[in-house]
Structure formats: C-alpha cells, structure tokens
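Right, one structure below, let's go through it.
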Amino acid sequence: MKVILVNGSPKEHGNTFISLSEAAKALNDEGIETEIVYVGKDPIAPCMGCGACAKLGKCVINDKVNEFVEKMKTADGLIVGSPVHYACPTGSVLSFLSRAFYSGFRAGAETFRLKPAAAVAIARRSGASSTLDALNKFFTISEMPIISGRYWNIAHGLMPEEVLEDKEGMQNLRILARNMAYFLKCKEAAANVKRPELVTDVEFTNFIR
C-alpha cells in the first residue's frame, strides 16, 4: 500500500515538508510506502475548464499535475500539506489540486474515489482552520473518506524546523498517520466487500432559470 503526500509549500524543505515527513515516517512504521510530491516554485496554471482532459485522458497542460494524477491512479491514500497564506492554502497548491482533481475525474473517476485523504495546515499563528476547510473540499467532492487525528491537523512554526517545537502538532500528525494506516489495512482486509457502484447518471439541478 502507498500514500502520496503533497508538499504545497514553495519551500521544498520547510516546515510543511518537515510536518509531512513526520506523518510519512509514522506510515512507514506501519508498513505503508510513502512518496512526497513537491508542487514547486514554478507557476502552476489554473484549470481553464476546457474539458480537453475528457478526450485526452489527462490535462491538456502537460506538467507535474499529470505526473501526480498518474501516481494517484495506483496510490491508496493522499495527504496534502500547505502553509497558510492569507488564511488559505498557497495559490500554487490550489491551482495544482484544481487541475489534478478535475482532469483526474474526467480521465477516470476511480483516480481519487474512495481513497482516504487528509489535509495538513502549517501556520505561524492563525488561518489554519480555513486552510484545512479549503483543502478538504477537494476530498469531499471526490468521494474520498477524510482521516483525522485527535485534533485538527495543524502545526505551528515560521522558521524552518520550528514546527518540531510544536510537540502536540507533531504528535497529532503521527496519530493521523496511524489512523490512515489502520483505515487502509481495514480496507485491504475487506477486499471481498463489494464497493459501492459509481453513480454515472448524476442528477444536476440548476437554480438559475
């Protein structure tokens, strides 16, 4: 089993990476393989809603978003981490996830569906709750079970490695990782249980006449 962790910070080895690494180590201790995907500093184009992904089987913009979606097709779980920028996730990770989830679904609904997911927010002081809320919406619209720890998945720090001083935050990330490992093992043990069928004839209701 494998969990992909997305580092949505422009700082490759900053507090977001350190926090995700804490969760990754706990997953590894449970026998779960992990890989941290770095969104990077380069501009990430937003989703244009062109729909080309339905024909191409991938986003028309051929960059690391497509690489991530390919990884998720065979991965079993997902954790997305982001620092807090103006009480929300970074602009790059929002563009990254918007294109990944849209093209991933249009190319094949099972890319993300029923795979456990979690969001992690790294804050200097506040804005973490709204950041978690924004990230969790990608999961809830994609039929992904959300895994929690014993507290909101938040760690505090500004300078590199400062998050390690947040003992409660680090502990909660380990609890989150163990909970995800438990969920994945339960899912594997119940492999003979029939999955809920994918609903393709979705009822769309418009409120503007």
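The values are calculated or read from the model by the stated rules, or taken from the named source; none is laboratory data. A quick note: this is a predicted structure, and the numbers were derived from the prediction, not measured. As a convention, Cβ positions derive from the backbone with ideal geometry for all residues, glycine included, and neighbour counts pool all protein chains shown. SASA here: full protein model, heavy atoms, side chains in, ligands and nucleic acids out. Shrake-Rupley method; radii C 1.70, N 1.55, O 1.52, S 1.80 Å.
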Is it the case that some residue within segment 85-98 is open to solvent by less than 10 Å² (accessible area, probe 1.4 Å), assigned to a helix (DSSP H, G or I) and in contact with a Cys (Cβ under 8 Å, 6 or more places away or on another chain)? no
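Can you say whether V37 is of a type in the set (V, I, T), surrounded by 14 or more Cβ atoms within 10 Å (Cβ to Cβ), modelled with pLDDT of 95 or more and touching a Ser or Thr at 6+ places or on another chain (Cβ under 8 Å), as far as the supplied structure shows? Steps first, answer last, please.
Numbers: of a type in the set (V, I, T): yes; surrounded by 14 or more Cβ atoms within 10 Å (Cβ to Cβ): yes; modelled with pLDDT of 95 or more: yes; touching a Ser or Thr at 6+ places or on another chain (Cβ under 8 Å): no.
When the stated conditions are applied, V37 does not pass them.
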Among (1) part of a helix (DSSP H, G or I); (2) open to solvent by less than 60 Å² (accessible area, probe 1.4 Å); (3) over 24 Å from V202 (Cβ atoms), which single condition is S9 missing? (1)
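Pick from S142, S129: which is in a loop (DSSP other than H, G, I, E, B) and either modelled with pLDDT of 95 or more or open to solvent by less than 30 Å² (accessible area, probe 1.4 Å) (or both)? Walk me through it before giving the result.
Numbers: S129 fails: in a loop (DSSP other than H, G, I, E, B).
Result of the check over S142, S129: S142.
Quick one: would you say G57 is open to solvent by less than 50 Å² (accessible area, probe 1.4 Å), closer than 16 Å to A109 by Cα and at pLDDT below 95?
Values: open to solvent by less than 50 Å² (accessible area, probe 1.4 Å): yes; closer than 16 Å to A109 by Cα: yes; at pLDDT below 95: yes.
For G57, the condition - open to solvent by less than 50 Å² (accessible area, probe 1.4 Å), closer than 16 Å to A109 by Cα and at pLDDT below 95 - is met.
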Select from segment 110-126 the residues that are surrounded by fewer than 23 Cβ atoms within 10 Å (Cβ to Cβ) and closer than 27 Å to T200 by Cα and write down the one among them that is modelled with the lowest pLDDT. E110
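Given the condition aromatic (F, W, Y) and closer than 15 Å to F138 by Cα, answer yes or no: does some residue in segment 79-99 qualify?
In the first step, residues of segment 79-99 are kept if they are aromatic (F, W, Y); the result is 86, 96.
Now narrow it down to the ones that are closer than 15 Å to F138 by Cα: 96.
Yes, some residue in segment 79-99 is aromatic (F, W, Y) and closer than 15 Å to F138 by Cα.
Any idea which of A118, A177, A181 is closer than 22 Å to H85 by Cα and under 20 Å from the mean Cα position of the chain (by Cα)? If you could, list the steps in order and put the result at the bottom.
Numbers: A177 fails: closer than 22 Å to H85 by Cα; A181 fails: closer than 22 Å to H85 by Cα.
Testing whether each residue is closer than 22 Å to H85 by Cα and under 20 Å from the mean Cα position of the chain (by Cα) leaves just A118.
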